Amino acid sequence: MKIAIVCYPTFGGSGVVATELGIALAERGHEIHFITYRQPVRLELLGNNIHFHEVHVPEYPLFHYQPYELALSSKLVDTIKMYDIELLHVHYAIPHAYAGYMAKKMLQEYGIFIPMITTLHGTDITLVGKHPFYKPAVTFSINKSDVVTSVSEALKKETLKIFDIERDIEVIPNFIETTKYKNVYTDCQRSMMAKEDERIITHISNFRKIKRIPDVIKIFHRIQKEMPAKLIMVGEGPEKEKAEDLCESLGIKDRVLFLGNSNEIDRILCFSDLFLLPSETESFGLAALEAMINKVAIISSNTGGIPEVNIDGVSGYLADVGDVDTMATKAIEILKDDETLQRFKENAFNVASKFDIVHILPLYEDLYDKAYKSR
Ligand code: GMT
């Protein structure tokens, strides 16, 4: 099929899922067109059946806010017409589903009927979308999509609770490409990061409030009192500076490495022992899944869709949001001896394997097929 994918091109989870999905679909012979304001971070290879179309928003002094939705829907109309695209898949409701619906309506003027799939990712519902300023537009865009998918059961439940939804929501969990990880990093070069006897704890996020960065630091603070350990913090965001200050005031600055954004997530996860995800809410927790496939055990909060990914007592442990004590105690339990740690690491990999793309991709293809036939 010829498919247009709209997403955010950033390091964030929804952009990564959309990009990896597009790449996998292209490998299966579909023709994929990414339409967004910058080339997506993980989209390195463009080719015959994988294209990128940049949305430009011309600056005009009259506009206090430049109208991205307008530029996006116009770009969608032009690209869909030019390449005879058959289906539109938008990731993240705001403003993508809204712009997509407008494009769909405009295309009908040319006798083109294109189905639109909207995938809900989390913050578009739980954080931004439910704000009264956006809620009517988000409700409308979801209801007007031809197919709506959610990345977890928890997010589906939350969406139905918050919005007046008149249609079915299909749950298609996020995925991982297991084969990519076979024999890639046989030598992780762990010694570059830590001493032989040190445990390596990792956190990766966009350092927003919702990630509860101080909890990450406090959990680590307790761990390093019990055993030699290093904390690797990957990502950029508004909470980063405060986190650096907290490390300084707790006297653990020399044991914490802030690496910033990285394109080498798998290399970092390869030498990690434990991943911390104490988020306030998380519709899925893709970062945890990426850690698990790299054989990293997880300590997380038990909120949103995380319990669908991190299985308590198997791939790691879960605790209530903000319960730093339990999280630290459980982390120490996992890390205390090599045998226990190895067991959790292997389990994490096995649980993550269930989210292999080979199981998930056909679910999207089936939906595309149905949506196209019933357009
Ligand atoms: O976590 C973020 O802040 C980024 C956000 C996004 O939309 O890119 O991630 C959301 O979508 C990911 C992919 O589906 C999920 O794995 C994350 O759990 C979800 N984040 C939240 O729900 C907070």
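Worth pointing out:
- The residue list F34, F52 contains one member that is touching a Pro at 6+ places or on another chain (Cβ under 9 Å), crowded, with 22+ Cβ neighbours inside 10 Å and in a strand (DSSP E or B), which is F34.
- Between L72, L88, L76, the distinction of being in a strand (DSSP E or B) and in contact (Cβ under 8 Å) with a residue 60 or more places away in the chain belongs to L88 only.
- Verdict on F344 being at pLDDT below 95 and buried (at least 17 other Cβ atoms within 10 Å of the Cβ): no
- Cβ-Cβ under 7 Å pairs, at least 6 apart or on other chains, the range 147-160 side in a strand (DSSP E or B) and modelled with pLDDT of 95 or more, far side buried (at least 22 other Cβ atoms within 10 Å of the Cβ) and hydroxyl-bearing (S, T, Y): V148/T118; T149/T119; S150/T159
- Residue check, V321 of a type in the set (A, V, I, L, M), surrounded by fewer than 24 Cβ atoms within 10 Å (Cβ to Cβ) and within 16 Å of the ligand (Cβ to nearest atom): yes
- Once the range 256-272 is narrowed to residues that are of a type outside the set (F, W, Y) and touching a helix residue (DSSP H, G or I) at 6+ places or on another chain (Cβ under 6 Å), the residue that is farthest from I299 (Cα to Cα) is V256.
- Taken over the range 310-324, the criterion of being closer than 9 Å to P278 by Cβ and assigned to a loop (DSSP other than H, G, I, E, B) is satisfied by V321, G322, D323.
The values are calculated or read from the model by the stated rules, or taken from the named source; none is laboratory data. In this text, all values refer to a predicted model and were calculated from it rather than measured experimentally. When we count neighbours, we look across all protein chains shown, and the Cβ atoms used for this are built from the backbone with ideal geometry, even at glycine.
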